1. Could you run through the stretch 5-18 and say how many residues are free of Cβ contacts under 8 Å to residues at least 24 places away in the same chain and open to solvent by less than 60 Å² (accessible area, probe 1.4 Å)?
2. For the stretch 19-36, enumerate the residues that are in contact (Cβ under 8 Å) with a residue 40 or more places away in the chain and of a type in the set (Phe, Trp, Tyr).
3. Among residues belonging to the stretch 42-65 that are within 14 Å of TYR25 (Cα to Cα) and either aliphatic (A, V, I, L, M) or open to solvent by 50 Å² or more (accessible area, probe 1.4 Å) (or both), point out the one that is farthest from the chain's Cα centre (by Cα).
4. Please give the number of the condition ILE5 fails out of (1) over 20 Å from THR71 (Cα atoms); (2) part of a strand (DSSP E or B); (3) among the aliphatic types (A, V, I, L, M).
5. Can you tell me how many residues within the stretch 19-40 are more than 19 Å from GLN80 (Cβ to Cβ), surrounded by fewer than 16 Cβ atoms within 10 Å (Cβ to Cβ) and not basic (Lys, Arg)?
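The values are calculated or read from the model by the stated rules, or taken from the named source; none is laboratory data. What you are looking at is a predicted structure, and each value in this text was computed from that prediction instead of being measured. Glycine gets a Cβ as well: all are built from the backbone with ideal geometry, and neighbour counts include every protein chain shown. Heads up: the accessible areas ignore ligands, DNA and RNA and are worked out on the full protein's heavy atoms, side chains in. Shrake-Rupley method; radii C 1.70, N 1.55, O 1.52, S 1.80 Å.
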Amino acid sequence: MGLSINTIIVLENKEEYIILKEAMYYGKKYFLAMGLNENREIDSKKVVILEEYISGNDTFVSKVTKRELMTVLTRMFKAQVETL
């Protein structure tokens, strides 16, 4: 099934993020997410791009760390915001 916008996720390290935008790039789904603090308020200093992996009924994400990919995806997410 996968993730969707406005979903709160908890990573293995217990950090919480809310999914704000999604984009497809070369057949893979990526998400722009912002961290949440202990009161579940958005922490604008914690912004990540996540890549989705689906295995059977389970959904996993990993932080995108490759600079070139981050640049491309950042442009895509920025274009989404500009068209609103």
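1. Qualifying residue count for the region: 1.
2. Of the residues in the stretch 19-36, the ones in contact (Cβ under 8 Å) with a residue 40 or more places away in the chain are 21, 23, 25, 30, 32.
Hits for the stretch 19-36 are TYR25, TYR30.
3. To start, the set of residues in the stretch 42-65 that are within 14 Å of TYR25 (Cα to Cα) comprises 49-53, 64.
Among the residues that remain, those that are also either aliphatic (A, V, I, L, M) or open to solvent by 50 Å² or more (accessible area, probe 1.4 Å) (or both) are: 49-50, 53, 64.
Working: ILE49: 4, LEU50: 4, TYR53: 12, VAL64: 9 Å.
The extreme case among them is TYR53.
4. Condition (2) is where ILE5 drops out.
5. Of the stretch 19-40, the ones more than 19 Å from GLN80 (Cβ to Cβ) are 35-40.
Now narrow it down to the ones that are surrounded by fewer than 16 Cβ atoms within 10 Å (Cβ to Cβ): 37-40.
Narrowing the set further to residues that are not basic (Lys, Arg) leaves 37-39.
Qualifying residue count, the stretch 19-40: 3.
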